[in-house]
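Undergrad: Take this structure first; my questions come after.
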Amino acid sequence: METLGIFFILILVGFFAGSHIEKKHLADLHDREYRTRQLPLINIGAKTPIPEADRAKLFVGSVVVSSDYFKTFVASWMNFFGGRITVYETLVERGRREAMLRMKEDAIKWGARQVVNVRLETAEMGGQNPNGVVAVEIIAYGTGVQ
Amino acid sequence: MNDRPTLSRSNRMLLTTLEGVPGHTIVQHLGLVQGSTVRAKNVGRDFVAGLKNLVGGELKGYTELLQEARTEATQRMMQEASKQGANAIVNIRFATSSLTQGAAELFVYGTAVQID
């Protein structure tokens, strides 16, 4: 009974705190994306020469985002039935936007005109332990050119 | 080429993810260079991350840890490149893998080149 009570408290905490943090994060992302919209990110550039650039520098943005208790619980059920795990989709999407924004903000500080040859990389942090933290690391890196 | 001081003596090393360096031409390719580091998350950070995992959001401790580790890996790569007399590294790629619960390997590689 007691464990069930703790479980429900954790679910509730996870749900309310988790969705509050997510909402705040999404609003923050939206705001920052709007402010950095003048800097284009381009995926090409490895083999295409960029004639107008005369200075270049590497920029890396990284973030580790974690799931909350509620999401982890829901995902474990969804895992049982199969199909889309929507709760994790929003998680990695937030992480990816955050990582790209950090890279962009660094590049803007340096005075980049655009960031070319952007690459995104995802790594799972939790390891194989099912009781470990559910977290994912996302890095975005690219070359800022002036 | 030998009459001017090599850029690699100083800390100036150009890093790009492109195949060339904008504004410069590549004089010589010196081959693949790499740097890697395996880091363990410490207990304190693990504990905080475990708590943070209840409510979700960013795990700042881990973000910092991995950023430090990545900087170290990049520096190792730059050292290797400057040993070969390079002054730039092109086509850089990063990779991460979690070896076990609690340890992560950060790996970075690129091609060392000499630019004019």
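The values are calculated or read from the model by the stated rules, or taken from the named source; none is laboratory data. Computed from a prediction, not measured in an experiment: that's the story for all the values here. Reconstructed Cβ throughout: ideal geometry from the backbone, glycine too, with neighbour counts over all protein chains shown.
Undergrad: What is the residue count in the stretch B:89-105 for residues that are more than 9 Å from chain A (Cβ to nearest Cβ) and either touching a helix residue (DSSP H, G or I) at 6+ places or on another chain (Cβ under 9 Å) or more than 16 Å from A:Phe59 (Cβ to Cβ) (or both)? Let's see the steps before the verdict.
TA: Initially, the stretch B:89-105 is screened for residues more than 9 Å from chain A (Cβ to nearest Cβ), giving B:90, B:105.
So of that shortlist, the ones also either touching a helix residue (DSSP H, G or I) at 6+ places or on another chain (Cβ under 9 Å) or more than 16 Å from A:Phe59 (Cβ to Cβ) (or both) come out as B:105.
Adding up the residues that qualify gives 1.
Undergrad: Considering each of A:Phe59, A:Phe16 in turn, give the residue that is within 12 Å of chain B (Cβ to nearest Cβ) and touching a helix residue (DSSP H, G or I) at 6+ places or on another chain (Cβ under 6 Å). It would help to see each step written out before you state the result.
TA: Values: A:Phe16 fails: touching a helix residue (DSSP H, G or I) at 6+ places or on another chain (Cβ under 6 Å).
Answer to the check: A:Phe59.
Undergrad: Exactly one condition in (1) surrounded by 16 or more Cβ atoms within 10 Å (Cβ to Cβ); (2) not in a loop (DSSP other than H, G, I, E, B) is not met by A:Ser76; state its number.
TA: The failed condition is (1).
Undergrad: Would you point out which residue out of B:Gly110, B:Gly85 is part of a loop (DSSP other than H, G, I, E, B) and either in contact with an Asp or Glu (Cβ under 7 Å, 6 or more places away or on another chain) or not aliphatic (A, V, I, L, M) (or both)?
TA: Details: B:Gly110 fails: part of a loop (DSSP other than H, G, I, E, B).
Answer to the check: B:Gly85.
Undergrad: I'm told A:Pro49 meets every condition in (1) at the interface with chain B (Cβ under 8 Å from one of its Cβ atoms); (2) in contact with a strand residue (DSSP E or B) (Cβ under 9 Å, 6 or more places away or on another chain) except one. Can you identify the failing condition by its number?
TA: The single condition A:Pro49 does not satisfy is (2).
Undergrad: Across the stretch A:61-111, what is the number of residues that are closer than 25 Å to A:Ile6 by Cα and of a type in the set (Lys, Arg)?
TA: So the answer is 1.
Undergrad: Sticking with this structure for a sec: Of everything in the stretch A:1-59, what is of a type in the set (Phe, Trp, Tyr), free of Cβ contacts under 8 Å to residues at least 40 places away in the same chain and closer than 21 Å to B:Leu54 by Cβ? Give them in sequence order. First the steps, then the outcome.
TA: Quick first cut of the stretch A:1-59, residues of a type in the set (Phe, Trp, Tyr) only: A:7-8, A:15-16, A:34, A:59.
Those still in the list that are free of Cβ contacts under 8 Å to residues at least 40 places away in the same chain too: A:7-8, A:16, A:34.
Result: A:Phe7, A:Phe8, A:Phe16.
Undergrad: Between a residue in the stretch B:24-46 that is under 17 Å from B:Ala103 (Cβ atoms) and at pLDDT below 85 and any residue that is part of a strand (DSSP E or B) and of a type in the set (A, V, I, L, M, F, W, C), which pairs come within a Cβ distance under 9 Å, given they are 6 or more apart or on different chains?
TA: Partner pairs satisfying both residue conditions: B:Arg39/B:Ala103; B:Arg39/B:Ala104; B:Arg39/B:Leu106; B:Ala40/B:Ala103; B:Ala40/B:Ala104; B:Lys41/B:Ala103; B:Lys41/B:Ala104.
Undergrad: List pairs: first in the stretch A:71-93 and touching a residue at least 12 places away in the same chain (Cβ under 8 Å) and closer than 12 Å to B:Gly56 by Cα, second aromatic (Phe, Trp, Tyr) and part of a helix (DSSP H, G or I), Cβ under 9 Å, 6+ apart or cross-chain?
TA: Close Cβ pairs satisfying both conditions: A:Lys71/A:Phe15; A:Lys71/A:Tyr88; A:Val87/A:Phe70.
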